[in-house]
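Visitor: Following this message is one structure expressed as C-alpha cells.
Just so it is clear, none of the values below were taken in a lab; they were calculated from the coordinates. Please read these numbers as outputs of a predicted model, since none were measured by experiment. All Cβ positions, even for glycine, are placed from backbone atoms using ideal geometry, and neighbour counts span all protein chains on display.
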C-alpha cells in the first residue's frame, strides 16, 4: 500500500492532530453489561450473611464467573463480605480461596439461583 493511501484514509495524520479516543459506552450505573444485571436479585443476595463459615460480615454480591467473561447475575452470585471478596480477588482464581475455606462457590451460587427461581415461580 502506498503512503498516499494511508494518509488519505487517516486524515488526522495529514493535519497533525490526534484521533479521537474510542470509549465504551456505559449504561446508567456504570455497567458495561446492563443486560446481565438483575437489581432485585442482587438486593436479595445482600440479605444473606457471608458464605465463609463463621463470618457474620455484611454481604455484597460476588460473581463466580465475571460479567466480562459472560457471567450473568442469577445463579452466578453468592453473598460475601468485603474482606472475603477482596481476599478472593487477591488469589486471582477461585481455586485457592475455595480450598482454604472448603467451599464450592459455583454450587453455592447455583443454589441461590434455584432459591430465587422457586421464590419467583421461574424455571431454573
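Visitor: With the cut-off at 1.5 for a/c, could you classify region 39-106 from its C-alpha gyration tensor as rounded, prolate or oblate?
Guide: Because a/c hits 1.5 or more and a/b fails to exceed b/c, region 39-106 counts as oblate.
Visitor: OK, next. Nearest 0.05, what FRET efficiency do residue 94 and residue 47 give at R0 = 30 Å with Cβ-Cβ as r?
Guide: Once the sixth-power term is evaluated, E becomes 0.85.
Visitor: Can you work out D for region 74-124 in µm² s⁻¹ from Stokes-Einstein, where Rh is the Kirkwood radius over C-alpha pairs, the temperature is 20 °C and the viscosity is 1.002 mPa s?
Guide: 182
Visitor: Here's a follow-up. Expected output is a single nm value to one decimal: the length gained when fully extending between residue 38 and residue 82, i.e. 0.36 nm times separation in residues minus the C-alpha distance. What is it?
Guide: 13.8 nm
Visitor: I've got another one for you. Taking the mean number of other Cβ atoms within 10 Å as a proxy for protection, how do you rank 105-116, 40-51 from highest to lowest?
Guide: Listed from highest to lowest mean packing, they are 105-116, 40-51.
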